[in-house]
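Input: a single structure, listed below in structure tokens.
No value in this document is a laboratory result; all are computed from the given coordinates. In this text, all values refer to a predicted model and were calculated from it rather than measured experimentally. Please note: Cβ atoms are built from the backbone with ideal geometry, for glycine as well, and neighbour counts cover all protein chains shown.
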């Protein structure tokens, strides 16, 4: 009899020839019918619950609210570990960063003021291939898109600015791409903005930037030869490389961004690597669209009083040494002196 009950609980037909298993009978007690939307989910949940009760070592356990809560908590812990691995995976972070950076720009743009945003799905490698496959810049796909199709013909709608979700460094390939983009930006009268990555300073991350002494002497090194050459060109006036990265969202958790489907608190024990950082070019572009919306001119983008203040960033609070502290919403804090040095090297802090 016990064996028959166990088989029925596992979904086996009963020996009495009934068309429904014992598990189906239990589900029916919940007032759900096989055609209902939640029927299969409920059945699967009960099956999992019964399987857990049949595990070795649980023979004497009684079904109680405490036992159910314990099982749910165990599932939450397992789901939380999996969710942490997904959210902190580098490839997933890049994907989330791209979409949330775009969302930040859209949320901080007033589309009632004759502003339009168009999205082009193209990677930096696609741009590299585009320019390498073109005998000259005016034969490239980006030129045809930005100039020929819009600025270069009657009835077109020229772009006012281009922003790339890319990090650039001082390497030959990156500078070559920037040089070609700058040429197209100049011809199209559409400045191009992207980000200067940590590799621009020979770093793995931005945490070491405040400790660099005398940026001017560093940028006089041989690895910046191509960059210095680009800076001296007329087209470089239509390039803007911004930094550092800024915080896009708070960690998931009851006090920040609650998760309704299960109990989840995002693990940020690894520091900056656990947070989601956005491309500074999008924050810079948001100031440009704001200036245009207010003044019909994009010049009011410099200084906290002149329209350059990036506001409404998420502020993460945490407890340390028994006190509540705030984490700055940028990867690093840049001093006035360091800001001046970066600006002297044609970078936008």
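For labels at residue 272 and residue 149 in the simple 7 Å Cα→Cβ model, what's the distance in nm?
Going from the residue 272 label point to the residue 149 one covers 3.7 nm.
Could you tell me which of rounded, prolate or oblate describes the chain, using a ≥ b ≥ c as the square roots of the eigenvalues of the alpha-carbon gyration tensor, with rounded for a/c under 1.5 and, failing that, prolate when a/b is larger than b/c and oblate otherwise? Show your work: numbers first, answer last.
Numbers: a/c = 2.80, a/b = 2.14, b/c = 1.31.
Judged from the Cα gyration tensor, the chain comes out prolate (a/c at least 1.5, a/b above b/c).
Kindly work out what percent of the DSSP beta bridges joining two residues of the chain are antiparallel, to the nearest 5. Working shown, then result.
Numbers: 8 of 19 bridges.
If I count the DSSP bridges inside the chain, around 40 percent turn out antiparallel.
What's the ranking of 97-105, 206-214 by average number of surrounding C-beta atoms within 10 Å, highest first?
Taking the mean over residues of other Cβ atoms within 10 Å, the ranking is 97-105, 206-214.
For the stretch 71-110 and the stretch 262-298, what is the separation of their C-alpha centers, rounded to whole Å?
What the calculation gives is 14 Å, centre to centre.
Cα axis of helix 90-107 to longest principal axis of the chain: angle in degrees, 0 to 90, nearest 10?
It is inclined by approximately 70 degrees.
In the Gaussian network model of the chain, springs joining C-alpha atoms below 10 Å, which of 238, 180, 89 carries the largest mean-square fluctuation?
89
For the stretch 167-197 and the stretch 204-232, what is the separation of their C-alpha centers, rounded to whole Å?
17 Å
Counting other beta carbons within 10 Å of each Cβ, put 48, 109 in order, fewest first.
Listing 48, 109 from fewest to most nearby Cβ atoms yields 48, 109.
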